[in-house]
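The values are calculated or read from the model by the stated rules, or taken from the named source; none is laboratory data. What you see is a predicted model, and the numbers here were worked out from it, not measured in a lab. Using ideal geometry, Cβ is built from the backbone for each residue, glycine included, and neighbour counts are taken over all protein chains shown. SASA here: full protein model, heavy atoms, side chains in, ligands and nucleic acids out. Shrake-Rupley method; radii C 1.70, N 1.55, O 1.52, S 1.80 Å.
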Amino acid sequence: MEGKTGRFGDYGGQYVPETMMNALQELEAAFLKIHGDKEFNRELFSLQQEFAGRQTPLTFCGNISEELGCKVYLKREDLVHGGSHKLNNMLGQGLLAKHMGKKRLIAETGAGQHGVATAIVGAALGLPVEVYMGEIDTRRQALNVFRMELMGAKVIPVRSGTRTLKDATSEAFRDWVATVLDTYYLIGSVVGPHPYPLMVREFQSVIGREAREEIVRREGRLPDSIVACVGGGSNAIGIFHPFLNDDVELIGIEAGGKGIGTGEHSATLCAGEPGVLHGTLSYLLQDADGQVLPTHSISAGLDYPGVGPEHAMLKDNKRAHYAAVKDADVLEAFSFLSKREGIIPALESAHAVAYVMKNAGRFDTNDIVVINLSGRGDKDVSEVSKMMGCT
Amino acid sequence: MGRIEDVFRERKSPAFMGFTVAGDPCQKTSIRIAKALIAGGTDILELGVPFSDPVADGPTIQRADERALSSGTTTDTIFGIVREIRKESAVPIVFLKYYNTVLHRGIRDFYREAHESGVDGILIADMPVEESEEVTRIAAACDIAPIFLIAPTTTDARIRKIVKQAEGYLYLVAVLGVTGVRKTVSSDASDLLRRVPMHTDLPLALGFGISSPEHAGACAAGGAGTIVK
Ligand SMILES: Cc1ncc(COP(=O)(O)O)c(C=O)c1O
C-alpha cells in the first residue's frame, strides 16, 4: 500500500499542532488494523450494498458519444445514497470511528455533500454530528444545509477568513484540537495530515475497482482515458488508483473559475506551488509571502486552495495530467449532459464533462473515455437557474 | 541563543513572556506595543508571525493576524520590526509561527535572515518533532533555538523524543485546545508540570489560556522556573 509512511514522493506528512499528534497516531494504528480485517470489510461491503446502493452503474452515453466522436461512459457516483461519492469515504470512516469508540463526529464541508454524507452516517450509526461550513457556502448550498439538519446534524456557519471550505476546514481543526479525546474528525477528501490522504483513497478506490471490472466486462479492454474533477481530489484518486499501473491516461480537472489569468480560480495543481496547509505538504495557491490565497469556483466543492498530496506526486511524475476548465464552460456542460442524456451532474462533476466536450478533438471514434460523475446536480439547480436567469 | 539562556540562568522567580502579533494593527503601532511590553518587564518577547490560516489559534489571534496581513505585513516587514526592537533592547525574541511562510521563503534563508535581524528562537506551531529534522539542523547552524510544544495529549514517549530536539525552553500547552482567553487554568497544566521535568532540565514555559495575573500566579506556584504567557 503506497503512502503507508505518510509520504507520496516528497508530499504529504503530518504538519499539525502537537495536540493532534497522539490522535493521528492512534487513528493510523486503528486504520491499519481494520484495513485488512475481514470482519470490518464484510461490514463495510454490506453497508455499501444495502445502504449506499453500490455497485454503481457504468452508463454508456450514446447521444453524447455520437456528438463528441468517442465512446463516453459515466461512472455513476451520482447514484450513491446522498447524491455523491462522498458517502464511500464516510461509511469507511464512520465505521472506523465506531470501532475506535468515539462519541462524536465532526466534519468540514464545502458543497455540503460531505456534510450530508456525514449526517447520514451519524444518523445511521447513532453518533451526534457537527458540521463546519463557510457562511457563503451555507447560502449557495442551502438545500444541503436543510438536509443535514433534517438528519439531525448541527451545521455551524464559519464567518472567519474567506467564509468558504478553507476556513470551514480550519475551524474543524480547531474543534478537534480541543476535543481529540472523544471526537472523530471525518475529513472529506484526500487532504489533511497522514493518515487521511491514504485512508480516504483506500475508501474511495471502490469507484475505480468497480469501473475497471465493468469496462473490461463490457468492452473487453481497459479504457483509453479517465477524467475526473479535482477539488481535494478524492473522487479522482478513487477512480485513478486501481489504474495507476495500466496504460490508461488519467486526467484531473480543476476549477478554472473566471480564468487562471484573472486569479479567480481554484486550479491548485495548474497554478500553485508546493506548500503546507491543513497538515499536508502539497501544491497550494499562495502569494509571494506564503500566505494562502482566496479562491473562486462556481462549484463550492472545488473551491479550495489545496489538493491531496498524492495528486501532487502524480503531477510531478507525470503519471496523471491536470487541466482546468472555466465556470462558463462548466455551465454549458451542466446543460449539455442534462439535455442530451437526462442526467443532471453536480457542478463539480460538470467540470470533467466540460473538459471532454472542449477537447473532443483529442479522442478517436473508438477511444473509450470514462468520466467520473462524482455527484448529482439537484443541489445546484437553484443557483444555476439564478445564473441562467441573469445571463 | 545566549540571550534565552541568560533569562533562566540562576533564576529564582518565574519569568514573564509577553506575546503580540507582529504587524498588528500596523508596523508602527506594533513596534510601540512590543516596546511597551519590554518596558513593562517582559523577560522574553514572543512575536506572532501572522498567517492566513492559523489553525492552532482562537479568534483573538486570528483577528490580530487578519489585521496585520490586511495592513500589508510581510516577512520583510516582520524582520524590520525585529531590527527596530533590537536597536533598543536585548530582550530575547522568539517567533511563534506556521510552517508555510518559512518553507515558501526557503528554510535556510528564513533562519539566516531571522538570526541576522536578532531573533533568538522559533516555534513552528504546525511542526511536530517528526517533521522537524531539517528545520532543527538549519536552526542550529543559524544559532536559533528550536522551541517545541508539549500538549496535554503528548505521551511520555513523545516527550522524550521532543526534548532531544528542543532548545531554549519547552512550551507547555496549558489547555486542550487553541489559544484564547479561558476562565480558569485547567488541571492539564499541573499534570504537564509534573510529567515533563522527569525527562528534561530545560526551562518550562506555560502558555495558551493564561489570561490573568491570578492564572499566572497559580501556574508559577505549580512549577519551578515556570514562564507564563
Ligand atoms: C459531487 C462532488 N464532486 C467532487 C467534489 C470535490 O471533492 P473531491 O475532489 O475530493 O472529489 C465534491 C466536494 O464537495 C462534490 O460534492
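Listed values, structure above:
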quantity: Tally of residues being of a type in the set (D, E, K, R) and within 14 Å of chain A (Cβ to nearest Cβ) across the range B:83-98; calculated: 1
quantity: Filtered residue count, the range B:188-203, keeping only those that are more than 14 Å from chain A (Cβ to nearest Cβ) and either under 19 Å from the mean Cα position of the chain (by Cα) or not in a loop (DSSP other than H, G, I, E, B) (or both); calculated: 9
quantity: Candidate set: the range A:367-384, residues that are touching a Ser or Thr at 6+ places or on another chain (Cβ under 8 Å) and open to solvent by 10 Å² or more (accessible area, probe 1.4 Å); chosen: the one nearest to A:R212 (Cα to Cα); calculated: A:D367
quantity: Residue in the range A:173-198 that is farthest from the ligand (Cβ to nearest atom), counting only those that are out of contact with any strand residue (DSSP E or B) (no Cβ under 6 Å at 6 or more places or on another chain) and within 10 Å of chain B (Cβ to nearest Cβ); calculated: A:L181
quantity: Residues of the range A:241-258 classified as within 22 Å of A:R362 (Cα to Cα) and not in a strand (DSSP E or B), total; calculated: 5
quantity: The range A:234-264, residues that are of a type in the set (V, I, T), open to solvent by less than 40 Å² (accessible area, probe 1.4 Å) and more than 14 Å from the ligand (Cβ to nearest atom); calculated: A:V248
quantity: Residue in the range A:33-56 that is touching a strand residue (DSSP E or B) at 6+ places or on another chain (Cβ under 9 Å) and open to solvent by 10 Å² or more (accessible area, probe 1.4 Å) present; calculated: no
quantity: Given (1) assigned by TED's automatic domain parsing to the domain that holds A:A333; (2) at pLDDT below 95, index of the condition A:C61 fails; calculated: (2)
quantity: Among the residues listed as A:G275, A:G279, A:G252, A:G257, the single one being at pLDDT 95 or above, within 19 Å of the chain's Cα centre (by Cα) and under 23 Å from A:E171 (Cβ atoms); calculated: A:G279
quantity: Evaluation of B:E131 against (1) facing chain A (nearest Cβ under 10 Å); (2) more than 29 Å from A:D167 (Cα to Cα); (3) surrounded by 17 or more Cβ atoms within 10 Å (Cβ to Cβ) (one fails), failing number; calculated: (2)
quantity: Hey, B:Y99 touching a Pro at 6+ places or on another chain (Cβ under 7 Å), surrounded by 20 or more Cβ atoms within 10 Å (Cβ to Cβ) and at pLDDT 95 or above or not; calculated: no
quantity: Residue within the range A:53-72 that is over 26 Å from B:N100 (Cβ atoms), touching a residue at least 40 places away in the same chain (Cβ under 8 Å) and among the acidic types (D, E) present; calculated: yes
quantity: Per-region count, the range B:18-59, residues within 12 Å of another protein chain (Cβ to nearest Cβ) and over 20 Å from B:V102 (Cα atoms); calculated: 2
quantity: The range B:134-179, subset among the polar types (S, T, N, Q) and without any contact (Cβ under 8 Å) to a residue 60 or more places away in the chain, residue nearest to the other protein chains (Cβ to nearest Cβ); calculated: B:T153
quantity: Selection status of A:G36, more than 16 Å from the ligand (Cβ to nearest atom) and without any contact (Cβ under 8 Å) to a residue 40 or more places away in the chain; calculated: yes
quantity: Elements of type strands (runs of 3 or more DSSP E) contained in the range A:129-233, each with 1 or more residues being open to solvent by 40 Å² or more (accessible area, probe 1.4 Å); calculated: A:129-134, A:154-158
quantity: A:R212 out of contact with any strand residue (DSSP E or B) (no Cβ under 7 Å at 6 or more places or on another chain), more than 16 Å from the ligand (Cβ to nearest atom) and more than 14 Å from chain B (Cβ to nearest Cβ); calculated: yes
quantity: The listed residue being of a type outside the set (F, W, Y), open to solvent by 10 Å² or more (accessible area, probe 1.4 Å) and either within 19 Å of the chain's Cα centre (by Cα) or within 12 Å of the ligand (Cβ to nearest atom) (or both), out of A:H99, A:H81; calculated: A:H81
quantity: Pairs, first within 12 Å of another protein chain (Cβ to nearest Cβ) in the range B:99-116, second buried (at least 21 other Cβ atoms within 10 Å of the Cβ) and charged (D, E, K, R), C-beta under 6 Å, six or more apart; calculated: B:Y99/B:D126
quantity: A:D364 being within 13 Å of the ligand (Cβ to nearest atom), out of contact with any strand residue (DSSP E or B) (no Cβ under 6 Å at 6 or more places or on another chain) and open to solvent by 50 Å² or more (accessible area, probe 1.4 Å); calculated: no
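Quick grid of which residues meet (1) of a type in the set (F, W, Y); (2) in contact (Cβ under 8 Å) with a residue 40 or more places away in the chain; (3) open to solvent by less than 50 Å² (accessible area, probe 1.4 Å); (4) touching a His at 6+ places or on another chain (Cβ under 6 Å):
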{"position": "B:V7", "(1), (2), (3), (4)": "no, yes, yes, no"}
{"position": "B:E10", "(1), (2), (3), (4)": "no, no, no, no"}
{"position": "B:P14", "(1), (2), (3), (4)": "no, yes, no, no"}
{"position": "B:D24", "(1), (2), (3), (4)": "no, yes, yes, no"}
{"position": "B:K28", "(1), (2), (3), (4)": "no, no, no, no"}
{"position": "B:L37", "(1), (2), (3), (4)": "no, no, yes, no"}
{"position": "B:F51", "(1), (2), (3), (4)": "yes, yes, yes, no"}
{"position": "B:T60", "(1), (2), (3), (4)": "no, yes, no, no"}
{"position": "B:D65", "(1), (2), (3), (4)": "no, yes, yes, no"}
